[in-house]
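One structure is given here, and the rest of the page talks about it.
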Amino acid sequence: MSDVNVKDLRIIANQQNQKMQVMVMKPLNQWLAVFKSFSSKMRSLENRRLEFDAERRAFTKLEIKRIRQQQAHDTVEADTMAKLEARNVTLLAKRSEYQAYETDVFEALAALIKDAASLRVYLAAAMRVEAETFTRATSTRSPLSNAAPIRSNGLASHTDPQLAETAPS
């Protein structure tokens, strides 16, 4: 490997690594952070939905109790009505909270999807950086290795006269 300038290769590798970090890895890591945040919001939304469903079931259970009391006695106990009204207030608050959070989560999803379209751009940037690296790496060869080869019976040798003389004819 004496025909390659190792010092230049190291410089090129460091420069390209920095470019890759700035052009590709940093934006990808930012997108991943947003994705993780979105995933957390989805779990939280599911927990809120479960809480809302539990409150809805409790309200429905009290509503059924009220209907049965009314059918059996033509009146409803004051205690049942008070509990029902309290559950109704709680249910409306949970519904409002859930719907607001759901809207926020779906807006975050739309933004995440929009940003995901940029992933192709980051991949293209990575490929450009890689291609540039290979192009620059091939230019680090020493002057001897850049000499035009002489072809003799399908074998290549350098233009060095001594090498040309020793090549098979």
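The values are calculated or read from the model by the stated rules, or taken from the named source; none is laboratory data. In this text, all values refer to a predicted model and were calculated from it rather than measured experimentally. Glycine also receives a Cβ, built like all others from the backbone with ideal geometry; neighbour counts cover every protein chain displayed. Just so you know, the surface numbers come from the protein's heavy atoms only, side chains and all, with ligands and any DNA or RNA stripped out. Shrake-Rupley method; radii C 1.70, N 1.55, O 1.52, S 1.80 Å.
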Q) Given charges of +1 on the Cβ of Lys and Arg and -1 on the Cβ of Asp and Glu, with all other atoms neutral, how large is the dipole of the stretch 1-144 about its Cα centre, in debye to the nearest 20? A) 380
Q. Once Lys and Arg get +1 and Asp and Glu get -1 on their Cβ, which of Ala125, His73, Ala111 lies farthest toward the positive end of the dipole of the stretch 32-128?
A. Ala125
Q: Leaving ligands, DNA and RNA out of it, rank Asp74, Asp8, Asp53, Asp104 by accessible area with a 1.4 Å probe, largest first.
A: Asp74, Asp104, Asp8, Asp53
Q: Using amide H atoms built 1.01 Å from N in the peptide plane, name the residues 5+ places from Asn5, or on other chains, whose amide H lies under 5 Å from its own.
A: Arg141, Ser142
Q | Virtual spin-label span in nm between Ser96 and Lys83, 7 Å along Cα→Cβ | A | 2.5
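Given R₀ = 25 Å, FRET efficiency for Lys26-Ile113 by Cβ-Cβ distance, to 0.05? Don't jump to the answer; show the numbers that get you there.
Numbers: r = 21 Å, r/R0 = 0.82.
Plugging the Cβ-Cβ distance into 1/(1 + (r/R0)^6) gives 0.75.
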Q. Tell me, what is the FRET efficiency for Val34 and Ala124 to the nearest 0.05, using R0 = 30 angstrom and their Cβ-Cβ distance as r?
A. 0.90
Q) Can you list the HN-Hα couplings for the stretch 77-85, worked out from phi with the Karplus curve (6.51, -1.76, 1.60; θ = phi - 60°), rounded to whole Hz and with x for Gly and Pro? A) 4, 4, 4, 5, 5, 5, 5, 5, 5
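Keeping every protein chain present and rolling a 1.4 Å probe, give me the accessible area per residue for the stretch 1-117 in Å². If you can, show how the numbers build up before the last one.
Details: 8360 Å² over 117 residues.
Accessible area per residue, the stretch 1-117: 71 Å².
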